[in-house]
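The structure appears below as structure tokens.
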Amino acid sequence: MSETVKLIGCFGSTAVHRAEVALRLKGVPFELVVEDLTNKSDLLLTHNPIYKTVPVLLHGDRPAVCESLIIVEYVDEAFDGPLILPSDPLDRAAARFWARFLDDKCWKAMWVALWTAPGETQAAWAREAKENMTLLESQLPEGKKFFGGDAIGFLDIAVGGIAHLLGVFEEIAGVRLLAEEDHPALCRWAREYLSDETVRQCVPDRDSVMVALAARKELYVSIAKTMAAQK
Ligand SMILES: N[C@@H](CCC(=O)N[C@@H](CS)C(=O)NCC(=O)O)C(=O)O
């Protein structure tokens with residue numbers, strides 16, 4: 001009998017989305033345990049005592065796997081199905097590099113640009129966010145739909161949040177970062193990604209996400225202040 005797989009997640013998270021897409025691409029049946037992040041459960045605190053964040057993957061009675069991109073790699077290696085990471089070692093290294101760039105630099109600049117009051121500082125972060133998006137966009141292979149080529153791969157999954165949540169954040173914040181005129185290839189990629197059948201199952205209804213995320217606006221502003229101070 002196959003071992004059960006549980007994903008501890010929450011609603012409207014780019015990180016949880018990554019884990020969910022990886023599991024669905026591999027065709028792994030799993031139970032999504034929805035966490036209330038304002039009142040973290042013993043299940044979450046026991047299995048991710050260091051970061052106390054979602055997603056967390058529980059595979060049978062093995063130790064938990066934490067951190068979204070590490071979960072994607074684990075799912076790729078632990079289960080049969082289409083390869084998520086590139087098969088060539090150099091391509092794998094590049095995909096990991098750009099995924100890290102996305103989390104360390106791209107999301108940081110986007111986040112601070114979104115949630116900082118208008119002014120020179122905000123404009124500088126927005127410029128940096130757009131420059132980073134240009135660098136990311138340059139990684140899309142010529143004539144291919146996805147970062148992974150003809151099929152969704154590791155970097156597509158990593159970048160997925162830009163496709164399905166950035167627009168919601170932009171609407172709540174009243175700030176435009178990703179626009180067709182500046183980043184046509186990234187916008188085209190986002191449309192392709194969101195029209196994929198597997199991805200569609202991992203993208204919640206936009207209106208519900210909008211309501212849930214709008215309620216967290218103050219939290220986002222305070223996270224952005226901390227992030228900006230870390231520069
Ligand atoms: N680097 C982590 C980030 C995970 C993360 O920040 N998750 C958020 C939800 S999107 C969370 O659990 N926040 C709760 C908290 O920070 O207390 C990953 O990629 O898994």
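The values are calculated or read from the model by the stated rules, or taken from the named source; none is laboratory data. Worth saying up front: this structure is predicted, and the values here are computed from it rather than measured. All Cβ positions, even for glycine, are placed from backbone atoms using ideal geometry, and neighbour counts span all protein chains on display. Ligands, DNA and RNA are excluded from the accessible area calculation, which covers all protein heavy atoms including side chains. Shrake-Rupley method; radii C 1.70, N 1.55, O 1.52, S 1.80 Å.
Before moving on, here are some points about what is shown:
- Residue within the range 7-29 that is free of Cβ contacts under 8 Å to residues at least 40 places away in the same chain and open to solvent by 20 Å² or more (accessible area, probe 1.4 Å) present: yes
- Cβ-Cβ distances below 9 Å connect the following pairs, each with a first residue in the range 178-193 that is over 15 Å from SER138 (Cα atoms), a second residue that is crowded, with 17+ Cβ neighbours inside 10 Å and among the small types (Gly, Ala, Ser), and a separation of six or more residues or different chains: ARG191/ALA163; GLU192/ALA163; TYR193/GLY160; TYR193/ALA163.
- Only one entry in ILE152, ILE162, ILE157 is under 17 Å from the mean Cα position of the chain (by Cα), at pLDDT 95 or above and not in a helix (DSSP H, G or I), namely ILE152.
- For GLY12, the conditions (1) outside the structural domain of PHE147 (by TED's automatic domain parsing); (2) at pLDDT 95 or above are fulfilled apart from (2).
- Residue list for the range 102-129, restricted to those being part of a helix (DSSP H, G or I) and either open to solvent by 70 Å² or more (accessible area, probe 1.4 Å) or among the aromatic types (Phe, Trp, Tyr) (or both): ASP104, LYS105, TRP107, TRP111, TRP115, GLU120, THR121, TRP125, ARG127
- Taken together, ARG24, ARG18 contain a single residue that is under 22 Å from LEU219 (Cβ atoms) and in a helix (DSSP H, G or I), which is ARG18.
- Only a single criterion out of (1) in a helix (DSSP H, G or I); (2) in contact (Cβ under 8 Å) with a residue 24 or more places away in the chain is not satisfied by LEU140, namely (1).
- All helices (runs of 4 or more DSSP H) inside the range 187-231 with 2 or more residues being open to solvent by less than 50 Å² (accessible area, probe 1.4 Å) and more than 30 Å from GLY148 (Cα to Cα): 206-214, 217-229
- Scanning the range 32-46 for residues that are within 20 Å of THR14 (Cβ to Cβ) and away from the ligand (no atom under 11 Å from the Cβ), we see that the one that is least open to solvent (accessible area, probe 1.4 Å) is VAL33.
- Pair list, Cβ under 8 Å, 6 or more apart: the range 47-59 residue closer than 17 Å to SER13 by Cα, other residue among the hydroxyl-bearing types (Ser, Thr, Tyr) and more than 7 Å from the ligand (Cβ to nearest atom): LEU57/TYR74
- Screening ALA151 on (1) open to solvent by 20 Å² or more (accessible area, probe 1.4 Å); (2) touching a helix residue (DSSP H, G or I) at 6+ places or on another chain (Cβ under 7 Å) shows it passes everything except condition (2).
- TYR74, sole failed condition from (1) surrounded by 20 or more Cβ atoms within 10 Å (Cβ to Cβ); (2) assigned to a helix (DSSP H, G or I); (3) outside the structural domain of PRO204 (by TED's automatic domain parsing): (1)
- All told, LEU44 falls short of being in a strand (DSSP E or B) and not aromatic (Phe, Trp, Tyr).
- Applying the condition of being of a type in the set (Val, Ile, Thr) and either more than 7 Å from the ligand (Cβ to nearest atom) or in contact with a His (Cβ under 8 Å, 6 or more places away or on another chain) (or both) to the range 52-71 and asking which residue is most open to solvent (accessible area, probe 1.4 Å) yields ILE70.
- Candidate set: the range 84-101, residues that are in a loop (DSSP other than H, G, I, E, B) and without any contact (Cβ under 8 Å) to a residue 60 or more places away in the chain; chosen: the one least open to solvent (accessible area, probe 1.4 Å): ASP88
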